[in-house]
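The next block holds one structure in the form of structure tokens; read it before the comments.
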Amino acid sequence: WIQEERFGQAWLRPRFPEPLLGLVEARFLLKGPCTLGTAGDPGEILRRLEPEPGMPSRWIAPVQRHGVEILSSDEGIPVLPDRPEGDGILLARPGRGGVLRFADCVPVLLAGTDPEPWILGLHGGYAGTVGGIVPAGLDLLAVQGRLGGAWAWIGPGSGPCCYLRRVEDPATREGRLRLPGRLQRAAHRG
């Protein structure tokens, strides 16, 4: 990850490999001047940013529900000010950008060039992760023939220092059941 500052605002950007340079772009805007007082409204946040050359003119900004719904720019998804529901965005059309919001959830980013440049952003909250948003994203990419030469990045999220789950919570039990056997045993001890 590369940390930058623009407009007095901190950003994180993945280090893209050579085949993706100039073809896809991703930035993670951290909490700061561009987000304060916006109540998380992506339209307002985008209005506060100064446009750059090559910046998308149309933005997909779903209302996130901690689920596994993934929107695709190839399917005519509405753009701002309209906000369909979803926790993932697949972008493969020039001129379109995507906005996902993360607080303590984990951003997952996949990108590739086959059959053309594409980028997939996933909102990895607890419920969506347990529900299988990452496998859903991989399935979507596989169906569209996009997995060859793909790269992936996983961003920062809250850990055990800041986010605990009650063992008796039914969602916690469900999450533990979905872990591979070795991880189930570690979660049970932990």
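Each stretch of four or more DSSP H residues adds -39500 (n - 2.57); spread over every residue of the chain, this sum gives -6000 deg cm²/dmol at 222 nm.
A Cβ-based charge dipole, computed about the Cα centre of the chain with Lys and Arg at +1 and Asp and Glu at -1, lands at about 700 debye. Taking trypsin sites (Lys or Arg not before Pro) in DSSP loop conformation with at most 15 other Cβ atoms inside 10 Å as exposed sites, the chain has its longest uninterrupted site-free stretch at 66-164.
Computed over neighbours whose Cβ is under 11 Å from that of Leu147, the net charge equals -1, Lys and Arg +1, Asp and Glu -1. Both radii come from the Cα set of the chain: Rg as radius of gyration, Rh as Kirkwood radius; their ratio Rg/Rh reads 0.97.
Its relative contact order, with pairs defined as Cα atoms under 8 Å and 6+ residues apart, puts the chain at 16 percent. Here r is the Cβ-Cβ distance between Ala39 and Phe7 and R0 is 22 Å; the resulting FRET efficiency, rounded to 0.05, is 0.70.
Taking the 1.4 Å solvent-accessible surface of the chain as the whole, the part contributed by carbon and sulfur is 56%. Which of rounded, prolate or oblate describes the range 19-99 when judged by the alpha-carbon gyration tensor and an a/c cut-off of 1.5? Here the range 19-99 falls in the oblate category.
Antiparallel beta bridges, as assigned by DSSP with both residues in the range 34-190, represent about 70 percent of the total such bridges.
Gain on full extension, evaluated as 0.36 nm per residue between Val167 and Glu85 minus their Cα-Cα distance, stands at 26.6 nm. Of the beta bridges in the range 1-124, as assigned by DSSP with both residues counted there, near 70 percent are antiparallel.
Between Glu174 and Lys31, the C-beta separation translates, for a Förster distance of 30 Å, into a calculated FRET efficiency of about 0.50.
Label reach from Glu116 (point 7 Å along Cα→C-beta): in the range 1-43, amide nitrogens under 16 Å belong to 23-25.
The values are calculated or read from the model by the stated rules, or taken from the named source; none is laboratory data. On a predicted model such as this, the values are computed, not experimentally measured, just so you know. Neighbour counts run over all protein chains shown; Cβ positions are idealised from the backbone, glycine included. Each accessible area value is taken on the protein alone, full model and side chains, heavy atoms only, with ligands, DNA and RNA left out. Shrake-Rupley method; radii C 1.70, N 1.55, O 1.52, S 1.80 Å.
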